[in-house]
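The values are calculated or read from the model by the stated rules, or taken from the named source; none is laboratory data. No experiment lies behind these values; they were computed from the predicted model shown. Don't worry about glycine lacking a Cβ; one is built from the backbone with ideal geometry, like all the others, and counts go over all protein chains shown. Heavy atoms of the whole protein, side chains included, go into the accessibility calculation; ligands, DNA and RNA do not. Shrake-Rupley method; radii C 1.70, N 1.55, O 1.52, S 1.80 Å.
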Amino acid sequence: MVSLVIVLCNSVLFTTSGILQIDPAILEFSSRMQLIGMMLLITLMPIWLLGCFVLTQRHSLTMAQLLDAQLAQEMIALPTKQVLTGIVVGLIYGVGFNVPDSQLSQVLYGNAPAIAMLGGQLLLWALVGLLISVRLHVVNKFYQLGKSIKISIFEQSQLAPFARVGMLDVLIVVGGMAVATVQSIDAQFRLGNYLTAALVAVPAGIALLVRPMWSIHKRLVTRKAQLFDDVTQKIAAASERGSETDIAALELLLRRRDRVRALHTWPLDVAIWSRLFFYILIPPIAWSGAALVEMIINRILDV
């Protein structure tokens with residue numbers, strides 16, 4: 001339903017503004033297809049973000065309930081000030097880095113197509129700011145719980161929710177960067193169009209993935225160091241005589257030190273690592289595909 005509302009609103013906005021009847025150069029677009037690509041981006045990206053946002057909020061709630069009932073309640077209570085700040089920051093970034101000065105000047109002169117394009121950009125970046133602020137609130141709650149929850153460095157399966165909670169956030173980020181390739185509908189891959197988004201997406205993705213498990217990681221690092229120091233001291237104090245009893249005891253201590261040294265301090269299992277690696281590959285593949293299409297079309301036209 002929300003997706004249909006976004007499509008309808010943008011259709012009405014762009015149609016009534018007459019944006020497709022003007023010279024694209026007025027809004028600093030090199031072709032009409034590039035203009036259409038930006039219109040598609042402004043329409044499709046909010047749909048992607050909102051759909052994934054609902055999914056990841058539900059997923060986070062499930063992860064929270066596995067850990068602590070109180071965490072789920074705190075996660076739902078959104079801080080109004082933080083959310084409003086996120087929206088404002090998103091708007092400022094959108095205007096400052098994604099809207100050309102010529103478009104802003106057209107808006108001041110009351111140019112309807114420029115106003116429509118600015119409105120779409122503002123809606124998109126306000127939504128980005130909103131979603132990032134809400135998700136930072138959620139992962140921060142997991143971070144706080146990680147300071148006090150019971151842990152075992154030898155059995156970390158119960159800590160998996162701290163890692164999994166941020167995985168869908170990474171998917172939203174990389175998926176959004178892949179959706180951004182609609183800007184290249186005119187078969188012109190412009191890296192600059194992606195860099196301004198990447199400057200927000202990459203730090204946000206890293207923060208949303210690492211933040212919920214950072215406190216757990218620090219506690220596991222401390223515990224590992226304690227265990228390692230303890231077994232090292234026992235090895236230093238162990239007898240070096242050649243009796244079978246002494247040798248067996250020393251071997252056990254050496255094995256334990258090797259086991260402790262091999263312990264990982266991030267609650268990430270093989271499945272999570274492989275999924276994360278796959279997610280990271282999505283944007284480069286999508287961008288490479290857009291660039292490849294441009295090369296193929298240019299070669300065909302040159303023939």
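Residues of segment 39-69 that are among the acidic types (Asp, Glu) and over 22 Å from VAL139 (Cα atoms): none at all.
Are any of the residues in segment 23-32 closer than 11 Å to MET117 by Cβ, in a helix (DSSP H, G or I) and open to solvent by 20 Å² or more (accessible area, probe 1.4 Å)? Looking for residues that are closer than 11 Å to MET117 by Cβ, in a helix (DSSP H, G or I) and open to solvent by 20 Å² or more (accessible area, probe 1.4 Å), one finds at least one in segment 23-32, hence yes. The requirement of being over 24 Å from GLN183 (Cα atoms), in contact (Cβ under 8 Å) with a residue 40 or more places away in the chain and touching a Pro at 6+ places or on another chain (Cβ under 8 Å) is satisfied by LEU67.
For the condition farther than 17 Å from VAL54 by Cβ and either at pLDDT below 80 or over 19 Å from the mean Cα position of the chain (by Cα) (or both), what is the one hit in ALA114, ALA72? Reasoning before the result, please.
Working: ALA72 fails: farther than 17 Å from VAL54 by Cβ.
After ruling out the rest, the residue left standing is ALA114.
Being over 30 Å from ILE216 (Cα atoms) and modelled with pLDDT of 75 or more holds for only one residue in GLN65, GLN34, and it is GLN34.
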